[in-house]
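Asker: So that we are looking at the same thing, I have put the structure below in structure tokens.
The values are calculated or read from the model by the stated rules, or taken from the named source; none is laboratory data. No experiment lies behind these values; they were computed from the predicted model shown. Don't worry about glycine lacking a Cβ; one is built from the backbone with ideal geometry, like all the others, and counts go over all protein chains shown.
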Amino acid sequence: MPLMSDPIMSANNRPSPLSASRNRPRVRFAPSPTGYLHVGGARTALFNWLFARRENGTLILRIEDTDADRNRPELVDGILESMRWLGVNWDEGPYFQSQRIELYRTAAQTLLSSGAAYLCYCSPEKYAGGDAAGESDEPEEKSVRGVTRCGCREGKPSSGDYKPAIRFRVPLPGTTQFEDAVFGPREVSNDEIEDFVLLRSSKSDDESSGLPTYQMSVVVDDIDMRITHVIRGADHISNTPKQVLLYRALGVTPPTFAHVPLILGPDRTRLSKRHGATSVGSYRDEGFLPEAFRNFLALLGWSPGGDAQFLRTSELVERFSLEGVSRTNAVFDRAKLEWFNTQYLQKLPIEELLPHVEETLRRHELWRGEWASSTGHEWFARTVDLLRSRVRLLPDFATWGRAFFTDDFSYDPAARDKFWKDERLGELLAKLTDQLEQLPDWNHDACDHPLRALAESAGVKAGLLINATRVAIVGQAVAPPLFDTMVVIGKDRVVTRLRRAIAALAATTRT
RNA sequence: GGCGCUAUGGUGCAACGGUUAGCACGUAGCCCUUUCAAGGCUAAAAUGCGGGUUCGAUUCCCGCUAGCGCUACCA
């Protein structure tokens, strides 16, 4: 891995003489550990991943941790974990920019010697305030465009107690252009681009002294890592000309840029905490299936062209292309995400769904090892299959579906109130229980017939008994069709539960 | 303030000069029905505004408006 190679040298080696790597794109995802992985970042990661897989390329993971103040190293693991959950696996890295500082300093020195950059002695406050350079005797130049240039650019440094910053000398006059794979050709006049900082200044004791800024570290790293396509959020599009200038100053042809639109909250402002859950981890915790989340995310700002939208990951990979990326910001629609989840819950081959359910049950301490055995597995699969169309989120298997996996459940008061009203119920259920107990066979119809016959002879609607029995054996008003439920739960347990319910029923009618 | 980007139903997308403007989510209703889902059917709902170009504009151009982004020694 060409980790610490000289950026200039590796740049000059392009295009690679190795034919094997000639048409293999190299892309990267470069989060900064200032928070969890949010859905915007996840979508960017996903697009990079889809592109890399589709084009048979390489995805590199790079941690952009050059901001000493906001950087929180303990967050890195969470980001990696979220990416793994999402199924976005990377081929190289993670690299940490904080461990590559020398590379940026070297590049900055190169730019300094070539005259492409200069030392700036202005304090950040003065520069920003338009009072650039020196003790106010240096005239700042604030152009009509609102771009500040200080005297340092012309080699009129004033000394101070600052270690100078290194600024890029934007070539004037001139224009900078680049081609964006999504937004098309872009061009900006250089006099609109300020002389941005490459390496930070500092007071003598400042930790951030000599640390690179974003513009510097991305470009140097993207060159060093031989990135061919920069796929990132559209919030970076305005900064791209600066980076293009840097590439040129470093003697390197810029990569292809592809800016993808932003993800907004329902109020059309940038998605943030106040919109509720924005971290990938929170969706995992809520019980979304990663593939459903991926499918949903992929369609935010990208379309395969036609009306298709239920696309499994392999299909996303097959169809992904930068051409399909939209230019308009997209609103994150949770309702649609939930719909995708229910779709996957229902349509996934059962064997793919089972591991997720197993994990959920383990987390709720409902998992039993016997379900891993071949006979137990068959029952488990059947039960999950029965429940799946009614489940919205994974934890529903353990909460709403609890009675299917353990005898330790209670009656939902609302269900009881609704379906245990008739006074004859105790008597009827007792009869039913006796009949069920006598059944030689235990299957859907064997359960169905005696119940309906009993209802008819008692002159009540079958629904009355059906609903009451459902509450008796699963404690809920909402459950799969009764006779399927009875089959899955098994004769002995059904009988036991019915007897328990009859007792409960008697207790309630007494009071 | 400056610079830029964007603009199809409430939401995500399709239609890349000619369609009754399509699909999906959501919403409403109906069907199915044993609760709740699922499923099926139906309905309401969109080309921001104003100018051009063209035989013909959702589509191309200009202006306006709105939203968003950038304008940091944050990324």
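Asker: Taking only segment A:479-490 into account, find how many residues are loosely packed, with under 15 Cβ neighbours inside 10 Å and either away from RNA strand B (no atom under 16 Å from the Cβ) or farther than 18 Å from A:ARG416 by Cα (or both).
Answerer: Going through segment A:479-490 one residue at a time, the tally reaches 1.
Asker: Before we move on, is A:ASP448 among the charged types (D, E, K, R), exposed (fewer than 14 other Cβ atoms within 10 Å of the Cβ) and within 14 Å of RNA strand B (Cβ to nearest atom)?
Answerer: Here the answer is no, as A:ASP448 does not meet what is asked.
Asker: Residues of segment A:405-421 being surrounded by 17 or more Cβ atoms within 10 Å (Cβ to Cβ), part of a loop (DSSP other than H, G, I, E, B) and in contact with a Leu (Cβ under 7 Å, 6 or more places away or on another chain), which ones?
Answerer: Selection gives A:TRP420 alone.
Asker: Can you name the number of the only condition in (1) within 7 Å of RNA strand B (Cβ to nearest atom); (2) in contact with a strand residue (DSSP E or B) (Cβ under 8 Å, 6 or more places away or on another chain); (3) among the acidic types (Asp, Glu) that A:ASP222 fails?
Answerer: (1)
Asker: Between a first residue in segment A:319-337 that is more than 7 Å from RNA strand B (Cβ to nearest atom) and a second residue that is among the hydroxyl-bearing types (Ser, Thr, Tyr), which pairs have beta carbons less than 9 Å apart while being 6 or more apart in sequence or on different chains?
Answerer: Taking only residues 6 or more apart or on different chains, the pairs are A:LEU322/A:THR256; A:VAL325/A:SER303; A:PHE332/A:THR278; A:LEU337/A:TYR283.
Asker: From (1) touching a Leu at 6+ places or on another chain (Cβ under 8 Å); (2) under 29 Å from A:LEU264 (Cα atoms), pick out the condition that doesn't hold for A:ALA398.
Answerer: It is condition (2) that A:ALA398 fails.
Asker: Further question: Please verify whether A:THR508 is more than 46 Å from the chain's Cα centre (by Cα), of a type in the set (Val, Ile, Thr) and over 23 Å from A:ARG390 (Cα atoms), treating the condition exactly as stated.
Answerer: When the stated conditions are applied, A:THR508 passes them.
Asker: Separate question: Scanning for something within 12 Å of RNA strand B (Cβ to nearest atom), over 19 Å from A:SER217 (Cα atoms) and modelled with pLDDT under 70, does segment A:114-130 turn up at least one residue?
Answerer: Checking segment A:114-130: at least one residue is within 12 Å of RNA strand B (Cβ to nearest atom), over 19 Å from A:SER217 (Cα atoms) and modelled with pLDDT under 70.
Asker: Across segment A:378-437, which residue is nearest to RNA strand B (Cβ to nearest atom) among those that are of a type in the set (Gly, Ala, Ser) and in contact with a helix residue (DSSP H, G or I) (Cβ under 7 Å, 6 or more places away or on another chain)?
Answerer: Going through the qualifying residues, I end up with A:SER389.
Asker: Can you say whether A:ALA455 is within 13 Å of RNA strand B (Cβ to nearest atom) and farther than 30 Å from A:LEU337 by Cβ, as far as the supplied structure shows?
Answerer: For A:ALA455, the condition - within 13 Å of RNA strand B (Cβ to nearest atom) and farther than 30 Å from A:LEU337 by Cβ - is met.
Okay, residues lined up against (1) over 25 Å from A:PRO304 (Cα atoms); (2) touching a Leu at 6+ places or on another chain (Cβ under 8 Å); (3) surrounded by 19 or more Cβ atoms within 10 Å (Cβ to Cβ); (4) at pLDDT 95 or above:
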residue: A:PHE29; (1), (2), (3), (4): no, yes, yes, yes
residue: A:THR44; (1), (2), (3), (4): no, no, yes, yes
residue: A:TRP49; (1), (2), (3), (4): no, yes, yes, yes
residue: A:ALA52; (1), (2), (3), (4): no, yes, yes, yes
residue: A:ILE60; (1), (2), (3), (4): no, no, yes, yes
residue: A:ILE63; (1), (2), (3), (4): yes, no, yes, yes
residue: A:TRP90; (1), (2), (3), (4): no, yes, yes, yes
residue: A:PRO94; (1), (2), (3), (4): yes, yes, no, yes
residue: A:ILE101; (1), (2), (3), (4): yes, yes, no, yes
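Asker: State whether one or more residues within segment A:164-183 are assigned to a loop (DSSP other than H, G, I, E, B), modelled with pLDDT of 95 or more, within 13 Å of RNA strand B (Cβ to nearest atom) and within 22 Å of A:ALA107 (Cβ to Cβ).
Answerer: Yes, segment A:164-183 contains a residue that is assigned to a loop (DSSP other than H, G, I, E, B), modelled with pLDDT of 95 or more, within 13 Å of RNA strand B (Cβ to nearest atom) and within 22 Å of A:ALA107 (Cβ to Cβ).
Asker: From the set of residues in segment A:35-74 that are under 18 Å from the mean Cα position of the chain (by Cα) and of a type in the set (S, T, N, Q), which is farthest from RNA strand B (Cβ to nearest atom)?
Answerer: Only one residue tops the list, namely A:ASN48.
Results for (1) under 18 Å from the mean Cα position of the chain (by Cα); (2) without any contact (Cβ under 8 Å) to a residue 60 or more places away in the chain; (3) more than 8 Å from RNA strand B (Cβ to nearest atom), shown as yes or no for each residue.
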site	(1), (2), (3)
A:SER279	yes, no, yes
A:PRO290	yes, no, yes
A:PHE296	yes, yes, yes
A:LEU299	yes, yes, no
A:PRO304	no, yes, no
A:THR313	yes, no, yes
A:VAL317	yes, no, yes
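Asker: Among (1) crowded, with 22+ Cβ neighbours inside 10 Å; (2) under 30 Å from A:GLU286 (Cβ atoms), which single condition is A:ALA117 missing?
Answerer: Failed condition: (2).
Asker: Another question, then. Give me the pairs: first residue in segment A:102-125 and under 12 Å from A:GLY210 (Cα atoms) and of a type in the set (S, T, N, Q), second residue outside any loop (DSSP other than H, G, I, E, B) and more than 12 Å from RNA strand B (Cβ to nearest atom), beta-carbon distance under 6 Å, and six or more apart or on different chains, which are they?
Answerer: none
Asker: Here are some residues: A:ARG470, A:ARG493, A:ARG499. Which one is assigned to a helix (DSSP H, G or I), more than 25 Å from A:ASP385 (Cβ to Cβ) and either of a type in the set (D, E, K, R) or more than 13 Å from RNA strand B (Cβ to nearest atom) (or both)?
Answerer: A:ARG499
Asker: I would also like to ask the following. Check A:SER217, A:SER238, A:SER282, A:SER314 and return the single one that is closer than 23 Å to A:TYR95 by Cα and assigned to a helix (DSSP H, G or I).
Answerer: Being closer than 23 Å to A:TYR95 by Cα and assigned to a helix (DSSP H, G or I) holds for just one of A:SER217, A:SER238, A:SER282, A:SER314, which is A:SER217.
Asker: Here's something else I'd like to know. For residues in segment A:225-255 being within 8 Å of RNA strand B (Cβ to nearest atom) and closer than 20 Å to A:VAL170 by Cβ, which is surrounded by the most Cβ atoms within 10 Å (Cβ to Cβ)?
Answerer: Restricting to residues being within 8 Å of RNA strand B (Cβ to nearest atom) and closer than 20 Å to A:VAL170 by Cβ, the top hit is A:ILE237.
Asker: Among the residues of segment A:338-360, count how many are within 12 Å of RNA strand B (Cβ to nearest atom) and either surrounded by 17 or more Cβ atoms within 10 Å (Cβ to Cβ) or under 24 Å from A:GLY41 (Cβ atoms) (or both). Break it down stepwise before answering.
Answerer: Residues of segment A:338-360 that are within 12 Å of RNA strand B (Cβ to nearest atom), as a first pass: A:338-347.
This time we only want the ones that are either surrounded by 17 or more Cβ atoms within 10 Å (Cβ to Cβ) or under 24 Å from A:GLY41 (Cβ atoms) (or both), so: A:338-342, A:344-345.
Number of matching residues: 7.
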